[in-house]
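Novice: This is the structure, below, for whatever I ask next.
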Amino acid sequence: QVRFVESGGGLVHAGESLILSCVASETRFRSDVIGWYRQSPGELRKMVAAISTSGRSNYADNVKGRFTISKNAAGNTFFLRMNDLKPEDTGVYYCAEYLYEEWGQGTQVTVSP
């Protein structure tokens, strides 16, 4: 099974940016789609962005236009660039294979007003 290690989180002010990274232990993915998920306090974990093996990306409505998902040429590192961060973006962010989600430690993002 593929394991992901997320990094890049931190404490920022509203309006600032962060870039998250996650590194996969291997590239033999079971899914054609890798997603970034967010678990905000008191809420269920939800996908915020996804990228397919072909490079097609999709976003949750509440991050569209602010977040950009990408991957490196080797296909083993995935990025989430987050611009114009809002307090409601606060949460723990995880990478996982879509439909085969197994959760790592995640990376905490905290956005202060």
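Novice: Just checking: which of the strands (runs of 3 or more DSSP E) contained wholly in segment 40-98 hold 3 or more residues that are within 14 Å of PHE29 (Cβ to Cβ)?
Specialist: 46-52, 91-97
Novice: Can I ask one more? Assess whether VAL48 counts as being open to solvent by 30 Å² or more (accessible area, probe 1.4 Å) and either more than 16 Å from TYR94 (Cα to Cα) or touching a residue at least 12 places away in the same chain (Cβ under 8 Å) (or both).
Specialist: No.
Novice: Next up: VAL12 passes all but one of (1) surrounded by 14 or more Cβ atoms within 10 Å (Cβ to Cβ); (2) part of a loop (DSSP other than H, G, I, E, B); (3) over 14 Å from the mean Cα position of the chain (by Cα); which number fails?
Specialist: (2)
Yes or no, residue by residue, for (1) out of contact with any strand residue (DSSP E or B) (no Cβ under 8 Å at 6 or more places or on another chain); (2) more than 19 Å from PHE67 (Cβ to Cβ); (3) among the charged types (D, E, K, R):
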{"position": "SER21", "(1), (2), (3)": "no, no, no"}
{"position": "ALA24", "(1), (2), (3)": "no, yes, no"}
{"position": "THR27", "(1), (2), (3)": "yes, yes, no"}
{"position": "ILE34", "(1), (2), (3)": "no, no, no"}
{"position": "TYR37", "(1), (2), (3)": "no, no, no"}
{"position": "SER40", "(1), (2), (3)": "no, no, no"}
{"position": "MET47", "(1), (2), (3)": "no, no, no"}
{"position": "SER52", "(1), (2), (3)": "no, no, no"}
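Novice: Still on this structure, please answer the following. Please find, within segment 87-98, the residue that is surrounded by the fewest Cβ atoms within 10 Å (Cβ to Cβ) out of those that are in contact with a Lys or Arg (Cβ under 8 Å, 6 or more places away or on another chain) and over 11 Å from SER40 (Cβ atoms).
Specialist: It comes out as GLU97.
Novice: Now, a different point. Is there a residue being open to solvent by less than 40 Å² (accessible area, probe 1.4 Å), in contact with a Lys or Arg (Cβ under 7 Å, 6 or more places away or on another chain) and not small (Gly, Ala, Ser) anywhere in segment 23-34?
Specialist: No, because not a single residue in segment 23-34 is open to solvent by less than 40 Å² (accessible area, probe 1.4 Å), in contact with a Lys or Arg (Cβ under 7 Å, 6 or more places away or on another chain) and not small (Gly, Ala, Ser).
The values are calculated or read from the model by the stated rules, or taken from the named source; none is laboratory data. These numbers were taken from a predicted model, which means no experiment stands behind them. Cβ coordinates were reconstructed from backbone atoms using ideal geometry, including for glycine residues, and neighbour counts include every protein chain displayed. These area figures cover heavy atoms from the full protein model, side chains too; ligands, DNA and RNA do not enter into them. Shrake-Rupley method; radii C 1.70, N 1.55, O 1.52, S 1.80 Å.
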